[in-house]
Each structure stands twice: as structure tokens, then as C-alpha cells.
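Notes for the one structure printed next.
None of the figures in this text is laboratory data; all of them are computed from the coordinates on show. Quantities reported herein were computed from a predicted structural model and do not represent experimental measurements. Counting neighbours? That spans all protein chains shown, and the Cβs are built from the backbone with ideal geometry, glycine included.
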């Protein structure tokens, strides 16, 4: 499948501000079945973009706008290709639990077993786990994670506006409602308590008309990935009670949302700000490769053998307009 993504972010200010500094994590990753084919970012006001790769392998762009402005607009466009995802086995052998050891895990995996800013054990989460019989996993690793994915989906209603980007998991646990970010943090904390390295995934979801997705089609999406030594990283989407597959487009990974917000920045000025976001993900045709653009306009002539060739030859290289 090929998908085109358009992600527009607009900040409006109640009074002109200056020195806006912004970090962006919107570029889809190229790894596994997912391949980035094109990507570009434009800003208004125009600014010079700089980029680096963070220690999770995410592409991070950053810029600043020094002059006064009453609005800041960021538009990212991408085309990605996702190959067919191989189906997972129904179960794994019970020895998989014993494979979470120093022989099969690296220091990066062990870092994803530790509590993080938003994904950590709290008294409210412990009470939730006891109520839902989630303190100890049941069955093999894959079956346990599938059951956890469904349990979180069934335990919470999806409702935007109940929680905020910086809300702790206790907020969603207390309300019984939340959004994809909240459900991902809850599942990460539980899976880590079972000894499974688990990370947060920020990205996009293509909403097929026939799919029963709870998340909205005009927003970014979040899910989780668990590292299973026999399979590698396996994605689970507790918001929609599905495995991450060919509709899930990965942009950034981290310990939790604090590592991977699509935008993060600050500005100088005495003003209130308004944030507006629009996301569009659509199937598209395969992009034309660079080689496919090329058409031979003038074939190369075979050189004629001569007794002596001049040392310097000058040729015109101008194109004819067709």
C-alpha cells in the first residue's frame, strides 16, 4: 500500500509574539515493512529548517522564527509505502517468557522496562489491574498481550477533550475515558510490569471506511510496540483493539509521549495561543521513481576510431524544448 499524508498545524496568538522555537517529529520512519518515499515541511512565516536524528532513531526537525508574528503554520507532506505485513502465529511457546534475559535483550530494551514520565505504576493503576485480573499475565506472551489489548479497549470509552497532552494516566483511570495517548500509556505500564520491553509509537492511522475505528480520522494516532525475542517488535493498538498493521504509519518511537510529541516549542511574548490541527491520510498511487522520469532525447553516438584524437573537445549541452 502507498499512502499520502498531509499534516497541518496552526498556532494563533492573541497578540504578536517573537522568537518562536519549535521541534517537529512528523517524518515517517523507514524500517521493517514501512518505507518513506518523500517528505517535506513548509513553515509560515518561512524559516530555515535544521535536522538531526535522536537516540531512538527519529528524524527531528527544528527551526526558530525571530521576527514578530501572530500566526505560525507548519505543513508536513509525505508519501510512504507499506509492504504486506506477515501474520503472527496464534500462540508462542511458554519458553518465550524465559527469553526476556540479558542474552536476548540489549541495554535499549532494558531502558524500556523502566517507568517513564507518563507510563508508570500508580496506586490507581494497581487497583485497575487487580479489578481486571491483569496483575499476572495469563497464557503465553502473545496471548497475554492480545488479551490486554482488548481489556483496555473494553474498559475505557474513547472521548477527546477529557484529558490533555500532559495528563497522567490516573486522569483517564479515574474518568474511565480518554484518547489513544492515555490507552497507550496504560498498556505500556502494565506490559512493562510483566517484564516485556514496551515502547510508545506516534504516527498516523488510515481509517478504512469499513473499519470500526474509535479514533478520529483527522488526528494523529498512538499505539504501542512490545519486543518479543522470537518475533521482534509487535504493535498493539488498544484504542481500536487491533494489532498494528498495514494501516498504521509509524512516525516516531520513544518511552512515552514525552519523547515523541509531533510538535514541541516555546515563544516569547505576552499572549494566549490557539492550536489547530488537520491530518489527512489517503491511499495513493505508487510514486514515480527518479529513473522513470528520464527519456533519452539524444542517444550517445559510438566513437569512430581515428589515428589521433584531439586532447580537448568542447560540446554543446543544451536542451531543446519539446
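Under a crude label model (7 Å from the Cα following the beta-carbon direction), how far is residue 111 from residue 138 in nanometres?
Simple spin-label model gives 3.6 nm for this pair.
Counting only helical runs of four or more DSSP H residues, what would the 222 nm mean residue ellipticity of the chain come to if each run contributes -39,500 (n - 2.57) and the total is spread over all its residues?
About -4500 deg cm²/dmol.
Taking a label point 7 Å from the Cα of residue 258 along the Cα→Cβ vector, which residues of the stretch 75-118 have an amide N closer than 12 Å to it?
Within reach of a label on residue 258, which here means backbone N under 12 Å from a point 7 Å along Cα→Cβ, the stretch 75-118 contributes 115-118.
Considering the zone a paramagnetic label at residue 67 would reach in this model (a point 7 Å from Cα along the Cα-to-Cβ line), which residues of the stretch 24-53 have amide N under 20 Å from it?
Flagged as within label range: 42-50.
Please work out the Cα convex hull volume for the stretch 94-259 and give it in Å³ per residue.
107 Å³
Defining a contact as two alpha carbons under 8 Å apart and six or more residues distant in sequence, what relative contact order in percent does the stretch 94-259 show?
Relative contact order of the stretch 94-259: 27 percent.
If you restrict to DSSP beta bridges whose two residues both lie in the stretch 94-259, what percentage is antiparallel, to the nearest 5?
Counting DSSP beta bridges with both partners in the stretch 94-259, the antiparallel share is about 90 percent.
How would you rank 79, 21, going from fewest to most other Cβ atoms within 10 Å of each one's own Cβ?
By the 10 Å Cβ count, ascending, the order reads 21, 79.
Obtain the nm distance between the two label points defined at residue 278 and residue 231 by a simple spin-label model: each point lies 7 Å from its Cα along the Cα-to-C-beta direction.
Modelled inter-label distance: 3.8 nm.
Label residue 54 and residue 271 with points 7 Å out from Cα along Cα→Cβ: what is the distance between them in nm?
2.6 nm
Provide the gained length on full extension for the span residue 127 to residue 31, in nm with one decimal, where the gain is 0.36 nm per separating residue minus the Cα-Cα distance.
Value of the extension gain: 30.8 nm.
Among 71, 98, what is the fewest-to-most ranking by other Cβ atoms within 10 Å?
Lowest count first: 98, 71.
Normalised by the residues of the stretch 158-215, what does the relative contact order come to in percent, with Cα pairs under 8 Å and at least six apart?
Over the stretch 158-215, the number comes to 30 percent.
Looking at (1) -0.46, -0.88; (2) -0.53, -0.98; (3) -0.36, -0.83, which value of log10 I(q)/I(0) by the Debye sum over Cα atoms at q = 0.08, 0.12 Å⁻¹ comes from a calculation on the structure shown?
The value computed from this structure is option (1).
Quick check on the stretch 78-122: take the gyration tensor over C-alpha atoms, sort the square-rooted eigenvalues as a ≥ b ≥ c, and tell me if it's rounded (a/c under 1.5), prolate or oblate.
oblate
Fewest Cβ neighbours within 10 Å first, please rank 256, 237 accordingly.
The fewest-first ordering by Cβ neighbours comes to 256, 237.
Expressed as a rounded percentage, what relative contact order does the chain have, with Cα pairs under 8 Å and six or more residues apart?
Result for the chain is 27 percent.
Could you state the angle between the C-alpha long axis of helix 180-193 and the longest principal axis of the C-alpha atoms of the chain, as a value from 0 to 90 degrees rounded to the nearest 10?
Approximately 70 degrees, to the nearest 10.
Using the alpha-carbon centroid of each, what span in Å lies between the stretch 126-170 and the stretch 192-224?
The distance from the Cα centre of the stretch 126-170 to that of the stretch 192-224 comes to 14 Å.
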